[in-house]
Every structure is written in structure tokens, then in C-alpha cells.
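Report on one structure; see the data block that follows.
The values are calculated or read from the model by the stated rules, or taken from the named source; none is laboratory data. Remember, predicted model here, so these are calculated numbers, not experimental data. Glycine gets a Cβ as well: all are built from the backbone with ideal geometry, and neighbour counts include every protein chain shown. The accessibility values were calculated without ligands, DNA or RNA, using every heavy atom of the protein model including side chains. Shrake-Rupley method; radii C 1.70, N 1.55, O 1.52, S 1.80 Å.
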Amino acid sequence: MTDTSLIRKTATDIRNLLASGEVTPLDLLDALEDRVAAVEPRINALPTLCFERARDHAKALMEKPVADRGELLGIPVAIKDLEEVKGVRTTFGSPIFADHIPDKSDIVVETLEKNGGVVYAKANTPEFGAGGNTFNEVLGTTLNPWNQKRSVAGSSGGSAAALASGTAWLAQGSDTGGSLRNPASFCSIVGLRPSPGRVARGPTGTPFANLPVAGPMARNVADVALMLDAMSGEHPRDPISLARPAESFADAVRAQRLPKRVAFSRDLGCTPVDPEVARICETAALRFEALGVKVEEAHPDFHDVQEIFQALRAEGFYMTKRKLLEEHRDKMKPEVVWNIEKALDYSLEDFTRVQLARGAYIQRAVDFFETYDLLLSPATCVGPYPVEQRYVEVCDGHTFDNYVEWLTMAYAITLTTFPALSMPAGFTAEGLPVGLQVVAGPRGEAALLSAAALLEAEIGHAAAVPIDPV
């Protein structure tokens, strides 16, 4: 089997080849190293490589019986540069940590390696994951494989670009304001934001924060389910981590369970959306009707999304980055400084009001999902924009107030705590990808993945990647 043929296979296919002994984890690393050398200089998705460490891990796995190698059996995995990997340069996209080499790995990495993942690369991210465009002063800018003059969004942009260009079968991402879903949309791959606690993470100084989560990214829904199985489970150092469900997520995909009633919204009632993007997503959502599923126009009441999210995001930045700002202000990009200092605009009364408002917000969303099984919408309000822009400033005549407001389609769902993914919906007239956001009710990953896999087959864009960068 040639290296090129391996690169173009799905992660599920690769797992089957590992299970049968037709390939080894070392074969896979050789194939990826060749592919990285061929395409990576053009897009800068994986600026930090650790193939020697990966081969040591792969050899240790190969000494075990196949049945004892964990769910992934030795599939290589790229890790976002916000998660520490023991012995591997981890910068968080910040000049402050340009030479940081951790002596331990994040729980996310430990779990993936325990379950048969082989870490071979760190994927690029904006500084501290802040912003919907993947660039930083340490490792440079990641370019979109579909058009190297366009952004890959952020903050899991390196992971998405690696998947789209064939330098990864599986990649880890993280998501607060859409950092898994926006790059998935811009690169025509699948990114899942799971429920808080589904994937244990940390240790962290803010263990009860439920806006940031880690999750899987892959080229199709079945591969995302496979990776989620390898990421899920309780951990004693993450107090909100959830037990693994009795049914695996891969089995949920194979069960092919259709939703009964689906809602679609062009704008979730709270943000402008480019008309072409809205049309593409509506066409994709209505493909459910070919499967016998009723699709209606509806969405929860998200009227106070900006007040809630902006306050909670600022609070999170202040808690985790205040000390860094005091000591290294000159090394931080202006958007990060702004987001930390924005917390000072709020009083205790403001934060009290916001927390109570979020409680009501979640209950309205729960009520909505008592009627509908899924909510569909555009994953982002625009298609891939020029890479030199730091962020989207205007959409459909509306000027955004700050560098994250254009991500409202994603963070309106973040606030609910419900699982959501972005999957390929189609392409613009320029040939650029557009993602469809699919949301399930509380802790509904199994139903979400099963239904999304059926819709994916009906839409028919899952095989569009990997591509050679253009």
C-alpha cells in the first residue's frame, strides 16, 4: 500500500487496517512525515513536529496485543498548541511561552495516548486561542488549503487545515466561542464541541468553567465519533468530567437513528449572516426531508447572548491571564489585552445579573429541545475571509463591536452547554467551504452524531478532503 493511498483513507479505515495487521503505527508515521514535507510549508498547520517521540510511543504500542492498544490502535493524532505535551514545545501561540517545554501532558493528551493515540505534531493556534484567525508572532499564520489567501478561522485552525490537507487523520481541538466549529466550517471538515465534562481536561485553576471544552476533529462524522470515544471519560483531576456512556459513540453512528423533528434557523435570531452562506446551509438542512424528517424554521430565544457571553468571556480571561498581563503586557496582542481588561468594566452586580440571565437562557434552550431533536444553522456567518484581516469586521451591512462578535452563531450555542458540531454543507460561488452547525439537546452527543452521519451521507461532501493546497 502506497503512502498516498494511506493519506486519503479515513481514520476508521486506518483503524481497520491496524486491526488486521495490514499496516503498523510506524507505517502511518512514515506516510504522514512524507505528506507533511510535501504540503506543510505551504499552509503552516503543524509548525511543531515530534516524530521521534511518536515513533518511540508507536514501538511501545506494537509490543502489546492489538486488543490492548486502546480504541485508536496507534492512529497518529495532532494536538492543538493550547494543550501541553510532555517534552514537546508548547507555546500557546504566545511569545511569553515561545521556549516552553512542559514536563507533563494535559489530561486530554494523556487520555488520547492511553487509548491508542500517537501524538506526532502540535497544531497552530492564535495567541491563547483568542480570535477567529490562526496567526501568532511565534509560529506564524496558517493558510487555508482551499485558497491560501484565505483564513482558516480559529482557534483550532491548524488542526482543521491539517485534516483538510492530509497531514492528519485525527486532530484535537478546543472550543469556547466556536474554536472547533469555525475552522471546521472554513476547511470542509467536521469539528465537534462536546458537552462540558465529556472530555476531561486540565488540571486547571478554573476547574468549574464550562465555556471552554476540548473535542475531536476529523474528516467525517464517523471518524469524529471514533476519536470522541478515545477522549471521553472521568478523571479525578477534572471535577466536572463525565463517565463514559454504555454505548460507544462509534456504535451510535452505526445505529443510524434519525431525529423526528428538526429546526433550522438562518441566523438564530441574534446575528447577521451572509445571504449566500445562509442559502447554502438551508439547502443542506433541508436534505433531512429526503430522509423523511420534518424541518421547520425555529430557534430558541437568544436575545441576550451578547450581554451574557461577553461578560463571561472577559471574566474567564481575567481569571486566567491577569497575572500574565501584569508581567508581560508588551508581549500580548491587543485583542488579548482588551479581553482581559474588559472584565474591569463589570461590577459584582453585573456579573450576578449575567449569571442569572444565563440560567434562564439555558432553561429556554432546554424547553426548545423538548419540541425539537436537533437545531441546525450556519456554523459561521461568513465564508473564509482574506487571511490578512485579523477578524471579520462587517457582515451583511452590520459592523461588529469587537473581535469576537462575528462568532455569535457558535457562542450562542456554547452558552447552552449543549453539544454541537460543524459539518460540510457546500461551497460558495468562489469554491470556498461552508459549514452547517448541528446542535442536540443536553448531553446528546450520541443522537447528534448518529443523525449527522445520516445527513452527511445525504449531502455528499464528506469525501471532498484531503486536498492538495491551492
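Of the residues 444, 383, 435, which is under 22 Å from the mean Cα position of the chain (by Cα), open to solvent by 10 Å² or more (accessible area, probe 1.4 Å) and within 30 Å of residue 32 (Cα to Cα)?
Working: 444 fails: within 30 Å of residue 32 (Cα to Cα); 435 fails: open to solvent by 10 Å² or more (accessible area, probe 1.4 Å).
Going through 444, 383, 435 in turn, just one is under 22 Å from the mean Cα position of the chain (by Cα), open to solvent by 10 Å² or more (accessible area, probe 1.4 Å) and within 30 Å of residue 32 (Cα to Cα): 383.
Restricting to the range 388-398, count the residues that are of a type in the set (A, V, I, L, M) and either buried (at least 19 other Cβ atoms within 10 Å of the Cβ) or closer than 20 Å to residue 426 by Cβ (or both).
Just the residues of the range 388-398 that are of a type in the set (A, V, I, L, M), to begin with: 392, 394.
Among the residues that remain, those that are also either buried (at least 19 other Cβ atoms within 10 Å of the Cβ) or closer than 20 Å to residue 426 by Cβ (or both) are: 392.
Count: 1.
One line per residue, one yes/no per condition, for (1) in a loop (DSSP other than H, G, I, E, B); (2) over 20 Å from the mean Cα position of the chain (by Cα); (3) more than 21 Å from residue 441 (Cα to Cα):
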{"site": "191", "(1), (2), (3)": "no, no, no"}
{"site": "195", "(1), (2), (3)": "yes, no, no"}
{"site": "202", "(1), (2), (3)": "yes, no, yes"}
{"site": "215", "(1), (2), (3)": "no, no, no"}
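Condition (residue is more than 16 Å from residue 124 (Cα to Cα), in contact (Cβ under 8 Å) with a residue 40 or more places away in the chain, in contact with a Leu (Cβ under 7 Å, 6 or more places away or on another chain) and not in a loop (DSSP other than H, G, I, E, B)) applied to the range 162-179: is it met by at least one residue?
no
Give me a count of the residues in the range 271-282 that are assigned to a helix (DSSP H, G or I), under 26 Å from residue 401 (Cβ atoms) and open to solvent by less than 50 Å² (accessible area, probe 1.4 Å).
Qualifying residue count, the range 271-282: 3.
From (1) open to solvent by 40 Å² or more (accessible area, probe 1.4 Å); (2) charged (D, E, K, R); (3) outside any helix (DSSP H, G or I), pick out the condition that doesn't hold for residue 83.
Here residue 83 meets the rest and fails (1).
I'd like the full set of residues that are under 16 Å from residue 50 (Cα atoms) and either open to solvent by 10 Å² or more (accessible area, probe 1.4 Å) or over 23 Å from the mean Cα position of the chain (by Cα) (or both), limited to the range 89-101. Break it down stepwise before answering.
The first filter runs over the range 89-101 and keeps only residues under 16 Å from residue 50 (Cα atoms), leaving 89-91, 99-101.
Across the range 89-101, the qualifying residues are 89, 99, 100, 101.
Being crowded, with 24+ Cβ neighbours inside 10 Å and more than 23 Å from residue 214 (Cβ to Cβ): is that true of residue 376 here?
Details: crowded, with 24+ Cβ neighbours inside 10 Å: yes; more than 23 Å from residue 214 (Cβ to Cβ): yes.
Against the criterion (crowded, with 24+ Cβ neighbours inside 10 Å and more than 23 Å from residue 214 (Cβ to Cβ)), residue 376 qualifies.
Is it true that residue 372 is aromatic (Phe, Trp, Tyr) and either closer than 23 Å to residue 221 by Cα or in contact with a strand residue (DSSP E or B) (Cβ under 7 Å, 6 or more places away or on another chain) (or both)?
On the way: aromatic (Phe, Trp, Tyr): yes; either closer than 23 Å to residue 221 by Cα or in contact with a strand residue (DSSP E or B) (Cβ under 7 Å, 6 or more places away or on another chain) (or both): yes.
In short, yes.
When the range 19-70 is examined, which residues are found to be touching a residue at least 40 places away in the same chain (Cβ under 8 Å), more than 26 Å from the chain's Cα centre (by Cα) and in a helix (DSSP H, G or I)?
19, 61, 66
Report, by residue number, each residue of the range 318-349 that is in contact (Cβ under 8 Å) with a residue 60 or more places away in the chain and either part of a helix (DSSP H, G or I) or open to solvent by 90 Å² or more (accessible area, probe 1.4 Å) (or both). Steps first, answer last, please.
Step one: of the range 318-349, the residues in contact (Cβ under 8 Å) with a residue 60 or more places away in the chain are 319-321, 324, 328, 331-333, 335-336, 338-339.
Selection gives 319, 320, 321, 324, 328, 331, 335, 336, 338, 339.
Out of everything in the range 283-308 that is among the aliphatic types (A, V, I, L, M) and over 30 Å from residue 343 (Cα atoms), what residue ends up being surrounded by the fewest Cβ atoms within 10 Å (Cβ to Cβ)? Talk me through it step by step, then tell me what you get.
Applying the first criterion (among the aliphatic types (A, V, I, L, M)) to the range 283-308 yields 284-286, 290-291, 293, 295, 298, 305, 308.
Now drop any that are not over 30 Å from residue 343 (Cα atoms), which leaves 284-286, 290-291, 293, 295, 298.
Numbers: 284: 26, 285: 28, 286: 14, 290: 10, 291: 14, 293: 21, 295: 19, 298: 15.
Among those that are among the aliphatic types (A, V, I, L, M) and over 30 Å from residue 343 (Cα atoms), it is 290.
Would you please list the contacts, defined by Cβ atoms under 9 Å and residues six or more apart or on different chains, that run from a residue in the range 400-411 that is free of Cβ contacts under 8 Å to residues at least 40 places away in the same chain to a residue that is among the hydrophobic types (A, V, I, L, M, F, W, C) and surrounded by 23 or more Cβ atoms within 10 Å (Cβ to Cβ)?
Final answer for the pair search is 400/406.
Given (1) within 30 Å of residue 99 (Cα to Cα); (2) assigned to a helix (DSSP H, G or I), identify the lone condition not met by residue 6.
The number of the failed condition is (1).
Among the residues of the range 172-186, are any over 12 Å from the mean Cα position of the chain (by Cα) and buried (at least 24 other Cβ atoms within 10 Å of the Cβ)? Working first, answer last.
At the first step, the residues of the range 172-186 found to be over 12 Å from the mean Cα position of the chain (by Cα) are none.
There is no residue in the range 172-186 that is over 12 Å from the mean Cα position of the chain (by Cα) and buried (at least 24 other Cβ atoms within 10 Å of the Cβ).
One line per residue, one yes/no per condition, for (1) touching a Ser or Thr at 6+ places or on another chain (Cβ under 8 Å); (2) on the phi > 0 side of the Ramachandran plot:
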{"position": "89", "(1), (2)": "yes, no"}
{"position": "103", "(1), (2)": "no, no"}
{"position": "106", "(1), (2)": "no, no"}
{"position": "112", "(1), (2)": "no, no"}
{"position": "116", "(1), (2)": "no, yes"}
{"position": "130", "(1), (2)": "yes, no"}
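Find the residue count for the range 20-59, including only residues that are basic (Lys, Arg) and crowded, with 18+ Cβ neighbours inside 10 Å.
Filtering the range 20-59 down to residues basic (Lys, Arg) leaves 35, 42, 53, 55, 59.
Going one step further and asking which of them are crowded, with 18+ Cβ neighbours inside 10 Å, we end up with 35.
Total meeting the criteria: 1.
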